[in-house]
1. Can you tell me which residues in the stretch 102-131 are within 19 Å of residue 282 (Cβ to Cβ), at pLDDT 95 or above and open to solvent by 40 Å² or more (accessible area, probe 1.4 Å)?
2. Name the pairs whose Cβ atoms lie under 8 Å apart, with the first residue in the stretch 44-61 and under 22 Å from residue 117 (Cα atoms) and at pLDDT 95 or above, the second outside any loop (DSSP other than H, G, I, E, B) and among the basic types (Lys, Arg), and 6 or more positions between them or separate chains?
3. For residues that are open to solvent by 10 Å² or more (accessible area, probe 1.4 Å) and of a type outside the set (A, V, I, L, M), scanning just the stretch 70-87, find the one that is nearest to residue 299 (Cα to Cα).
4. Run down 267, 238, 300 and say which single residue is surrounded by fewer than 21 Cβ atoms within 10 Å (Cβ to Cβ) and among the β-branched types (Val, Ile, Thr).
5. Somewhere in the stretch 153-163, is a residue under 28 Å from residue 306 (Cα atoms), open to solvent by less than 70 Å² (accessible area, probe 1.4 Å) and touching a residue at least 12 places away in the same chain (Cβ under 8 Å)?
6. Which members of the stretch 165-193 meet the condition of being more than 20 Å from residue 216 (Cβ to Cβ), touching a residue at least 40 places away in the same chain (Cβ under 8 Å) and either surrounded by 14 or more Cβ atoms within 10 Å (Cβ to Cβ) or in contact with a strand residue (DSSP E or B) (Cβ under 7 Å, 6 or more places away or on another chain) (or both)?
7. Can we say residue 40 is farther than 19 Å from residue 239 by Cα, of a type in the set (A, V, I, L, M, F, W, C) and either open to solvent by less than 60 Å² (accessible area, probe 1.4 Å) or modelled with pLDDT under 95 (or both)?
Amino acid sequence: MRARYGVPLGITAVGAAGLAYAAGFEVRSFRLRRVTVPVLPQGMRPLRVLQVSDIHMVGGQRKKQRWLQSLAGLRPDFVINTGDNLSDPEGVPETLDALGPLMNFPGAYVFGSNDYYGPKLRNPARYLFERASGRHGLNGNAPVVGAIHNPWEELRDAFDTAGWVNLTNTRGSLKIDGMEIALTGLDDPHIKRDRYDRVAGGPQEDADFSMGVVHAPYLRVLDAFTADRYPLILAGHTHGGQLCIPFYGALVTNCDIDPDRVKGLSTHRAGGHQSYLHVSAGCGTNRYTPVRFACPPEATLLTLVPRD
């Protein structure tokens, strides 16, 4: 009897413990990642950039709200929000409350698919099928039917009122201590809203520093930014794989970037040039899969320093 039932019961117990940890602890174990990136021109003072991404706010997430508010204590030079702020059509007030202290700093933003549309319940194994087929989001898949429309306009209006720069398929800039930081942004490639032809041409020549910003790090976007010689690209979307295997890493990326670059700092080469790429694992989850394993929720403080 023991030999027959002992192993299955043990596996079940381990699985249940892992699920309890992923849903009850790690998903609320917020972390700050610190990264130094050598991308600035010689003689320029270091810049501290706070990247927040994939908040996926759902009503009642008080700990997440308090943690986001506390990030203002870092006093960054500016903030970059790389999208997917919502996972609940009613979540706008709580999202703005959480980001309120950060909106006192200069900033810029792009939106992700979950800012525009509410999530739908789906089989998590579908992400594995999409990876195998090379189809993700609206890139090769059929259009979504009956999508829930989120009130993204309210987010946009609040960000704009705070002075954050809207980078939806456009260029913008921030003034930091007399320095001009040029920003080139794209709408979400995951739902095929990116229009690189509108912003092509490379960094702004008279700016002190230029960088690219996008929600989902699809290769076509990374190739375009890199070929145009942007020294740094910021993205989110991947959740770092969300459910990872310890000592192995992510199984999926929810886009066509490779799992080795699913989060953190890496490089990308295209057109004979190289850019630094930082992908945030984000600090939230889809409301229907509120778990994380071996991939804590995060924000990132990037310290940009002069190149060697």
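The values are calculated or read from the model by the stated rules, or taken from the named source; none is laboratory data. In this text, all values refer to a predicted model and were calculated from it rather than measured experimentally. Because the Cβ atoms are built from the backbone with ideal geometry, glycine has one as well, and the counts that use them run over all protein chains shown. When the accessible area is computed, the model is the full protein with side chains, heavy atoms only, and any ligands, DNA or RNA have been set aside. Shrake-Rupley method; radii C 1.70, N 1.55, O 1.52, S 1.80 Å.
1. Once the filter is applied, which keeps residues that are within 19 Å of residue 282 (Cβ to Cβ), at pLDDT 95 or above and open to solvent by 40 Å² or more (accessible area, probe 1.4 Å), the stretch 102-131 yields only 117.
2. Every condition considered, the pairs that remain are 55/64; 57/64.
3. Filtering the stretch 70-87 for residues that are open to solvent by 10 Å² or more (accessible area, probe 1.4 Å) and of a type outside the set (A, V, I, L, M), the one nearest to residue 299 (Cα to Cα) comes out as 70.
4. Working: 238 fails: surrounded by fewer than 21 Cβ atoms within 10 Å (Cβ to Cβ); 300 fails: surrounded by fewer than 21 Cβ atoms within 10 Å (Cβ to Cβ).
It is 267.
5. Start the filter on the stretch 153-163 by keeping residues that are under 28 Å from residue 306 (Cα atoms), which leaves 163.
Next, from what is left, pick out any that are open to solvent by less than 70 Å² (accessible area, probe 1.4 Å): 163.
From what is left, the residues that are touching a residue at least 12 places away in the same chain (Cβ under 8 Å) are 163.
Yes; the residues of the stretch 153-163 include at least one that is under 28 Å from residue 306 (Cα atoms), open to solvent by less than 70 Å² (accessible area, probe 1.4 Å) and touching a residue at least 12 places away in the same chain (Cβ under 8 Å).
6. Step one: of the stretch 165-193, the residues more than 20 Å from residue 216 (Cβ to Cβ) are 173-182.
Within this subset, residues satisfying the condition of being touching a residue at least 40 places away in the same chain (Cβ under 8 Å) are 174-177, 179, 181.
Passing the criteria: 174, 176, 179, 181.
7. Numbers: farther than 19 Å from residue 239 by Cα: yes; of a type in the set (A, V, I, L, M, F, W, C): yes; either open to solvent by less than 60 Å² (accessible area, probe 1.4 Å) or modelled with pLDDT under 95 (or both): yes.
Against the criterion (farther than 19 Å from residue 239 by Cα, of a type in the set (A, V, I, L, M, F, W, C) and either open to solvent by less than 60 Å² (accessible area, probe 1.4 Å) or modelled with pLDDT under 95 (or both)), residue 40 qualifies.
Yes or no, residue by residue, for (1) at negative phi; (2) of a type in the set (Gly, Ala, Ser):
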position: 201; (1), (2): no, yes
position: 207; (1), (2): yes, yes
position: 227; (1), (2): yes, yes
position: 256; (1), (2): yes, no
